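Shown next, in C-alpha cells, is the structure this report addresses.
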Amino acid sequence: MKRGCRLLLATLLLSAGASAARAQSLPAYMAPIAGTTTTTAAEIATANTLALNTGMFELYGNAGKIFQKNILGKHPVILGMFSGAGGRFTLFRPNLPPLEAPQVPVVYQLLKSVGHSTMALAQVVGPYLDNPQDTSWRGAMLAYRSRMQSALDTLDATPMQADWRDTVRIILTANLAFMDDAVAKGVVSFASLEAFGKKQAPELAKVVSWAAQTQVAHWMEVLAGWKAMLGADWDKTYAASNTIYVARQNNVLFSVLAQFFPPEAINDRLLLIETISFTTTQAEMLESLTRIIADRSVGSLFFGNYHLMDYELMGGDARLAIIAEAGKRGIKANLPPAVPFGSHQWPALVTEGPGPASIADLK
C-alpha cells in the first residue's frame, strides 16, 4: 500500500474512532438528537457569502437610527397617514415636539359609515343569491338590521347639515326595506339585489362627494397653516403619505399634499410610500422615509446619481434581460417606457385613455 493511501486510511480510522468515542461519551438523553454532521466546502462557502447580505440589514438598521435623527434635526417632516377617521397628519419640526393636526370633522365618518353600510348588504347576501335552501344569512342580516334601525332612529341628533341628513335618511330607509323584503321572502334574488344597487347608487354618489369635500377642505386648511408657520423652512420639508393598491390612484392625502409642494418635489421631497394595509405606524413610515433618503446618498457615492436607488437597483439590467429572454421565446416584451431616475411624474397612473375615471363619469 502506498504511503498516501496508508495516511488516508489512518485518518479515516481516527475520525471514525473519534466519532465512536464521542458517541460513547455522550449521555443517553442526548442520543435522540446527537449525530455526526457533514457539511461540504461549497455549503460553507455559500453560507459565508450569504451571511454578508444578512448582516447588511443589521448595519442598515443601526445606521438608520442615526440617519433618522440627523434628518429630523435638520428638516421638517410631514406624515399624512390613512385612518378610518379621514387621515392623520403629523408635523415633525427640528428640536420641537411633534404637532398633531386636528381630526377631520366627524360628519366625514358618518357619511362614510352610511355608504359602507349599504354596500355591505351585498356582501351579506352575495354568497346566497337565488338559493332558498340556504338561509344562513338571516342571522347576520337581522343583527345588522337592528343597527341600521338604530342609526335611522337617532339620525336627527347627528352633527350633519339638514340636506345631507335627508339623503342619508333616504339611504337608510331603502336599506331597511331591502332587508325586510329579503327576510320575509327567505331568499334574495339577483334581480332584487341588482335593482337595490341601481336605486341606491345616485344617493351613494352624493354622500361620497360630501365626504370628500369635508376631508379635503379640512386638510387643505391644516396644510396651509403649517406652510405659513414654517415659512422658508417649507422649501426643505419632506412629506410622505402611505397607500395600498386600492387607494394608490387619486390618493386623497398625497393629492392634497401635492397642492402645497412644487411639481419638482414629487418623488423627491414628497413621497407616496406603498404599504400592505390601510394603516401603518409612524415609526414604520419614518423608517421607510429615512431609508429612501439615506440610500440616495449611497447611490450618489457609488454611481454618481442621487435618485438611482429610489428604483430597484437591478431593474434596468433585468429589463434588458427580459427583452432578451422574450426574444428567445418569440414573444414581444411587454414593458412600460424607461423612465429616468428622479422623474417627477405622479406616482400613479397618469396616461389618459377612454373609459370612465370617476363616479360622475359612470352616468
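The values are calculated or read from the model by the stated rules, or taken from the named source; none is laboratory data. Since this is a predicted model, take the numbers as computed values, not measurements. Because the Cβ atoms are built from the backbone with ideal geometry, glycine has one as well, and the counts that use them run over all protein chains shown.
A compact table of results
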| item | result |
| --- | --- |
| Residue ID - surrounded by the fewest Cβ atoms within 10 Å (Cβ to Cβ), chosen from residues in region 172-203 that are without any contact (Cβ under 8 Å) to a residue 40 or more places away in the chain and among the hydroxyl-bearing types (Ser, Thr, Tyr) | THR173 |
| Selection within region 86-138 - within 19 Å of GLN200 (Cβ to Cβ) and of a type in the set (A, V, I, L, M) | LEU110, LEU111, VAL114, MET119, ALA120, LEU121, ALA122, VAL124, VAL125, LEU129 |
| Selected residue [over 28 Å from GLY64 (Cα atoms) and either at pLDDT 95 or above or surrounded by 12 or more Cβ atoms within 10 Å (Cβ to Cβ) (or both)] from ALA294, ALA357 | ALA357 |
| Unmet requirement for ARG319, which otherwise passes all of (1) surrounded by 13 or more Cβ atoms within 10 Å (Cβ to Cβ); (2) within 23 Å of the chain's Cα centre (by Cα) | (2) |
| Residue in region 139-155 that is assigned to a loop (DSSP other than H, G, I, E, B), among the polar types (S, T, N, Q) and under 30 Å from SER255 (Cα atoms) present | no |
| Condition met for LEU111 (under 30 Å from GLU221 (Cβ atoms) and either charged (D, E, K, R) or part of a helix (DSSP H, G or I) (or both)) | yes |
